[in-house]
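The values are calculated or read from the model by the stated rules, or taken from the named source; none is laboratory data. In this text the structure is predicted, and so the values were computed from the model without any measurement. Methodologically, a virtual Cβ is constructed for each residue, glycine included, from the backbone with ideal geometry; neighbour enumeration extends over all protein chains shown. Heavy atoms of the whole protein, side chains included, go into the accessibility calculation; ligands, DNA and RNA do not. Shrake-Rupley method; radii C 1.70, N 1.55, O 1.52, S 1.80 Å.
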Amino acid sequence: MRRVSQSTLLGLANGGLVLLTALALSVTTALLVRRLLAEQQQGRVELAAGTAARQVVVEGEELAVTARLLAERSTLQRLLQAGQQRELTRFLAAFRTTTGLAACAVQRGNAPWATAGHLPAELPPRDAGPRVERDQPLEPAKEGAEPAAPLLVAVASVPGANAAVVVARRLDAAFVARLSRELGLDVRLEGTSADEPPLPRTYLAAAPVPLPGAEDLRVVAALPQPPLGESFARLVAGYAATGVIAALAALLIGIVLGRRLAAPARRLAAAASRIGAGDLRTPVPAGGGAELARLGGTLEEMRRRLLEVTSELELREAEARAVLAGVVEGVLAVDDERRITYLNPQAERLLGTSADAARGRFCGDLLRPESSDGSFPCDDRCPLVHARSRGTSRTVELLRLPAGRRQVVLTSSAPSAGSQVMVLRDETEEEAGRRVRDVVLANLSHELKTPLAAQLASVELLRDSLAEQASSESAVLVGSLERSTLRLLGLVENLLASARLESGEWAMRSEPVDLGEVAREATVLLAPLFAQRGQRVEPPADELPWVVGDRTQLLQVVLNLLGNANKFAPEGSRVRVAGGRDGAETVLWVEDEGPGLPPGDSASLFGRFRRFGGGGGATGASSSGAGLGLWIVQSIVRRHGGTVSAETRPEGGARFTVRLPAPEVPAA
């Protein structure tokens with residue numbers, strides 16, 4: 001999918017922000033104007049309601065003035081004094097018609113005497129001021145007529161007479177219509193009837209009429225809620241059009257500015273692409289704002305360092321190739337899937353192929369190892385796979401190569417950065433020489449063992465015959481001859497065991513073995529050697545655990561450890577054999593009282609044909625022997641699934657410890 005450019009994204013973002021801002025302002029302004037309009041209309045109707053209520057009061061005050069003027073009329077006073085009731089009634093009717101009153105009357109005492117119009121049944125007291133009366137009129141209303149509107153009544157006393165003038169003005173629909181015209185709003189007097197229809201949904205405001213008798217009467221002003229008019233619609237449309245125009249302008253400006261601002265970024269992106277493609281020679285251009293300038297500087301510094309590192313790596317690679325080309329052994333490298341990635345010239349000659357032809361092939365198809373049981377070694381004992389968990393791995397394989405079958409030592413390293421290295425050393429000729437040597441050693445050992453055994457038997461018979469002459473010179477010579485024969489026989493036994501172990505011809509039996517009995521037998525066999533140097537051997541004081549193995553081979557282990565202690569421990573010292581159970585292992589150790597192990601790695605003591613001037617104890621002791629004793633010990637112990645180690649004791653002397661797997665159920 002094609003990506004949108006940064007300048008287009010910037011322009012779209014600017015236009016969208018401006019459009020959202022314009023829409024937000026439009027909506028906010030519309031809501032604010034609408035609320036202000038509503039508040040204005042509500043204030044208008046509240047003012048109109050209060051004004052209408054005050055207008056009713058003013059109407060009452062004017063009615064009171066009319067009552068006083070009528071009471072002071074000379075015509076009314078003359079007709080009242082003359083008792084001309086009929087003429088006074090006609091006068092009041094003419095006055096009512098002229099002034100537009102609902103009713104007017106003259107009362108004597110508490111009863112009307114002359115009346116024009118309809119008055120309430122109960123008149124207010126004299127000079128009480130204007131009030132509102134809502135009683136039924138004196139004359140009953142006609143059937144089907146609307147209820148009479150409230151009357152605004154005022155009473156004034158006639159000067160010089162026991163009489164009063166009563167005037168009334170009806171607060172009817174005409175009065176309400178006049179108030180509506182004067183105020184410009186719909187006005188209603190509520191409380192005049194229980195059957196008043198409800199007002200439509202409007203802005204409403206009510207104000208009580210502050211006159212006596214008008215406690216349940218109030219003036220209501222109403223204004224219909226106007227819909228959004230054309231002006232309001234034009235306002236919203238104007239805001240919307242302004243927002244769209246501003247958004248388009250921001251979009252264009254954002255695209256133009258984005259293209260100019262994105263140009264340095266595009267140059268940096270092109271430089272980064274060149275660096276990613278391997279072009280480290282072209283400098284990174286600088287430009288743009290502070291941030292892009294810092295980014296360009298960082299890319300330039302990265303390019304410079306990569307160039308230095310790449311040059312160094314190329315130099316190191318050339319040196320490594322030169323070194324690998326000069327080593328005697330063949331070297332090959334594989335990836336995680338054991339496919340060949342590199343061959344040095346020696347490996348090419350050994351495998352009969354070239355590096356280009358071998359690259360990408362499975363290493364097993366190229367090496368073609370053989371196994372005596374017919375299995376494919378790459379499936380179950382590949383040194384590359386073993387090295388991934390062990391760190392390093394070494395094995396000897398018979399490879400079917402174009403030059404024939406070759407005995408090759410394969411040493412594999414641990415994986416690093418997805419690559420593993422295997423070193424190939426062709427030992428076909430060396431192996432043939434070793435086989436010849438082992439055959440010679442085996443034959444020689446076998447040929448020497450028979451006469452030495454016969455010689456030892458003869459020496460033992462001679463020693464027994466001279467037992468009664470232990471102090472004679474002949475007995476001493478026989479003892480020396482016996483010890484020399486034992487040492488020579490032990491050396492021959494070691495040579496023979498070494499040849500058998502190396503060739504794999506020494507079969508191992510699996511049977512219950514009493515380690516305590518084996519240790520005691522070894523001390524008896526070597527007793528003459530210890531007696532020669534005045535050394536004291538302490539066999540195991542307690543019963544040792546049983547193990548499962550080959551008794552003959554385990555006896556050879558104890559004999560070699562005791563012989564090693566006898567050879568290197570100082571004269572007159574003590575050698576101790578002990579053991580026990582340690583978890584799932586059976587432990588046997590031989591310790592002496594010498595100065596301890598020589599400096600260095602104790603594991604090197606168990607090498608083949610390794611001899612030390614102070615192994616196992618005393619520095620300066622005899623180093624005679626073939627250097628096979630400890631190597632045979634380690635080989636036999638490993639065949640039994642155990643380990644052997646050596647250490648210097650804190651109190652002095654050396655200790656050799658053998659650890660063997662303990663059987664799950666002790667043997668009887």
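Table for the structure above
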item	result
Any chance GLU301 is surrounded by 11 or more Cβ atoms within 10 Å (Cβ to Cβ) and closer than 21 Å to ARG405 by Cα	no
Residue check for VAL334: surrounded by fewer than 17 Cβ atoms within 10 Å (Cβ to Cβ), touching a residue at least 12 places away in the same chain (Cβ under 8 Å) and among the aliphatic types (A, V, I, L, M)	no
Filter result for the condition that a residue is open to solvent by 50 Å² or more (accessible area, probe 1.4 Å) and modelled with pLDDT of 75 or more, over VAL57, VAL33, VAL4	VAL33
Any chance ARG303 is under 34 Å from the mean Cα position of the chain (by Cα), at pLDDT 75 or above, of a type in the set (Lys, Arg) and farther than 30 Å from TYR342 by Cα	no
From ALA347, ALA318, residue being without any contact (Cβ under 8 Å) to a residue 60 or more places away in the chain, under 22 Å from SER416 (Cα atoms) and open to solvent by less than 80 Å² (accessible area, probe 1.4 Å)	ALA318
Any pair with Cβ under 6 angstrom, 6 or more apart, that starts in segment 511-529 at a residue that is on the phi < 0 side of the Ramachandran plot and open to solvent by 30 Å² or more (accessible area, probe 1.4 Å) and ends at one that is outside any helix (DSSP H, G or I) and of a type in the set (Phe, Trp, Tyr)	PRO512/TRP546
Residues within segment 350-362 that are more than 22 Å from ALA320 (Cα to Cα) and either touching a residue at least 40 places away in the same chain (Cβ under 8 Å) or surrounded by 14 or more Cβ atoms within 10 Å (Cβ to Cβ) (or both), tallied	2
Matching strands (runs of 3 or more DSSP E) fully within segment 503-596 where at least 2 residues are hydrophobic (A, V, I, L, M, F, W, C) and in contact with a strand residue (DSSP E or B) (Cβ under 7 Å, 6 or more places away or on another chain)	546-549, 574-582, 585-591
Selected residue [in contact with a strand residue (DSSP E or B) (Cβ under 8 Å, 6 or more places away or on another chain) and under 19 Å from VAL132 (Cβ atoms)] from LEU76, LEU70, LEU101, LEU92	LEU101
Residue within segment 554-567 that is in contact with a His (Cβ under 9 Å, 6 or more places away or on another chain), modelled with pLDDT under 85 and within 18 Å of THR643 (Cα to Cα) present	no
Count of residues meeting criterion [among the acidic types (Asp, Glu) and modelled with pLDDT of 85 or more] in segment 309-335	1
For LEU559: the one exception among (1) within 19 Å of THR657 (Cβ to Cβ); (2) surrounded by fewer than 17 Cβ atoms within 10 Å (Cβ to Cβ)	(2)
Segment 276-293, residues that are surrounded by fewer than 17 Cβ atoms within 10 Å (Cβ to Cβ) and assigned to a helix (DSSP H, G or I)	GLY276, ALA290, GLU291, ALA293
Residue in segment 223-233 that is open to solvent by 90 Å² or more (accessible area, probe 1.4 Å), at pLDDT below 75 and in a helix (DSSP H, G or I) present	yes
Boolean, ILE245 is modelled with pLDDT of 75 or more, more than 30 Å from THR51 (Cα to Cα) and surrounded by 15 or more Cβ atoms within 10 Å (Cβ to Cβ)	no
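Here's the yes/no breakdown for (1) modelled with pLDDT under 75; (2) surrounded by 14 or more Cβ atoms within 10 Å (Cβ to Cβ); (3) aromatic (Phe, Trp, Tyr):
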{"site": "VAL236", "(1), (2), (3)": "yes, yes, no"}
{"site": "ALA241", "(1), (2), (3)": "no, no, no"}
{"site": "VAL256", "(1), (2), (3)": "no, no, no"}
{"site": "PRO264", "(1), (2), (3)": "no, yes, no"}
{"site": "ARG274", "(1), (2), (3)": "no, yes, no"}
